[in-house]
Amino acid sequence: MIDLSVDLALIRSWFPHTQEVPYVLIRVRAEHAATWADTLNVPLRRSYITDQTLLQAAEIHNLPQAEVIATKLPDPGSTMAGDFGEFITYLYQGTSQHPSPALGATKWRLKQDRNQPAPHSDVIHLVLPHWPVPSGEDHLYCAEVKTKSTNGRSTPIASAIADSQRDRTSRLSRTLVWLRERAVTQHLGDITIDHLNRFINATQHPPAQKRFRAVAVVCASLVDAELASAPAEAHPDYTLIVISVPDLRDTYAQVFLAASAAEAAPPGQQP
């Protein structure tokens, strides 16, 4: 969250809980979603390519910044929708602990193919209140995200719940090791190798808490129909979170369009 330079308090205000049990329901207001193209264009672009990398690539290859950005962002379609759902969850999960800092892994920078989803567990945050000293108050938050922006056959709630179980049984462990390997040569955002080792080598430190979330990001016009399939009781091993976004397809298309033009200012001219 830190390296995206976002207003944590503002973002947290976008995601009010209108219901807590048996699942969390968040209904984003239309007036808030309407601001996202202006407020999230730079953070979204930074989640794919940092200012420094963008400036260096444009200079080395003598290319316009927009052309460099285009090599990172997905084309319109299912991957763009899925990435946006993950990004919204990244913002929500990262600000839900505010004012305590949550360290996030910007996995979208690690893609091998811009038109394919990033591999492994979707959204990871670490909360380390006494860092660099590991403590029993350390938390890892892991979210599995499914997005539905059009009226098709997909079942985002059921799919998110099913894949969250994969995180709990094995995928999270593989994700942490994969992130550590990538961190040797690439910038993960806020998370460092030492942060990851605190959870990978768990037996060498005080017991930490892990919190799992199954997240469905759904267009507001479809959300009530999807909620009919939501579990009637809360589950002890994960929290189901449903985020309703007005005009989701148009909203994410506008944010990505704005991100495609979100150039980085030269050093010394950045705000």
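A search for C-beta distances below 7 Å between a residue of the range 100-115 that is within 12 Å of Q186 (Cα to Cα) and any residue that is part of a strand (DSSP E or B), counting only pairs 6+ apart in sequence or on different chains, returns A105/I124; A105/G189; T106/G189. A single entry from D163, D113, D122 fulfils the requirement of being out of contact with any strand residue (DSSP E or B) (no Cβ under 7 Å at 6 or more places or on another chain) and among the acidic types (D, E): D113. Taken together, A253, A258, A234 contain a single residue that is in a loop (DSSP other than H, G, I, E, B) and under 25 Å from W14 (Cβ atoms), which is A234.
Just to be sure before I move on: is R213 of a type in the set (D, E, K, R) and under 18 Å from Q19 (Cβ atoms) in the structure I sent?
Judged against the criteria, R213 is a match.
Candidates R166, R198, R180, R174: the one that is of a type outside the set (S, T, Y), over 23 Å from I243 (Cα atoms) and without any contact (Cβ under 8 Å) to a residue 24 or more places away in the chain is R180. Considering L188, L196, the condition of being modelled with pLDDT of 95 or more and more than 18 Å from Y23 (Cα to Cα) is satisfied by L196 alone. From the list A70, A102, the one residue that fits, being within 27 Å of R168 (Cα to Cα) and small (G, A, S), is A102.
Residue under question is E144, and the condition is that it be more than 19 Å from the chain's Cα centre (by Cα) and modelled with pLDDT of 95 or more; does it hold?
No: the conditions fail for E144.
Looking at R27, R12, just one residue is among the basic types (K, R), under 25 Å from Y141 (Cα atoms) and in contact with a strand residue (DSSP E or B) (Cβ under 9 Å, 6 or more places away or on another chain), and that residue is R27. Quick one: is E263 within 30 Å of W36 (Cα to Cα), in contact with a helix residue (DSSP H, G or I) (Cβ under 7 Å, 6 or more places away or on another chain), among the charged types (D, E, K, R) and in a helix (DSSP H, G or I)? Considered against the rule, which asks whether it is within 30 Å of W36 (Cα to Cα), in contact with a helix residue (DSSP H, G or I) (Cβ under 7 Å, 6 or more places away or on another chain), among the charged types (D, E, K, R) and in a helix (DSSP H, G or I), E263 comes out as no. I'm trying to understand the selection: among the residues of the range 58-83, which are in contact (Cβ under 8 Å) with a residue 40 or more places away in the chain, part of a helix (DSSP H, G or I) and surrounded by fewer than 15 Cβ atoms within 10 Å (Cβ to Cβ)? Residues satisfying the conditions are A66, A70.
Considering only residues that are touching a Leu at 6+ places or on another chain (Cβ under 9 Å) and either exposed (fewer than 12 other Cβ atoms within 10 Å of the Cβ) or among the charged types (D, E, K, R) (or both), look in the range 13-39 and name the one that is nearest to T106 (Cα to Cα). Among those that are touching a Leu at 6+ places or on another chain (Cβ under 9 Å) and either exposed (fewer than 12 other Cβ atoms within 10 Å of the Cβ) or among the charged types (D, E, K, R) (or both), it is H17.
Answer yes if at least one residue in the range 31-38 is in a loop (DSSP other than H, G, I, E, B) and farther than 27 Å from D237 by Cα, and no otherwise. Yes, the range 31-38 has at least one match. Take S154 and decide whether it is over 17 Å from the mean Cα position of the chain (by Cα), closer than 17 Å to S244 by Cβ and free of Cβ contacts under 8 Å to residues at least 12 places away in the same chain. Answer is yes for this residue.
For the structure I just gave you, tell me whether Y238 is touching a strand residue (DSSP E or B) at 6+ places or on another chain (Cβ under 9 Å), closer than 30 Å to V133 by Cβ and either among the aromatic types (F, W, Y) or free of Cβ contacts under 8 Å to residues at least 40 places away in the same chain (or both). Yes: the conditions hold for Y238.
The values are calculated or read from the model by the stated rules, or taken from the named source; none is laboratory data. A quick note: this is a predicted structure, and the numbers were derived from the prediction, not measured. Don't worry about glycine lacking a Cβ; one is built from the backbone with ideal geometry, like all the others, and counts go over all protein chains shown.
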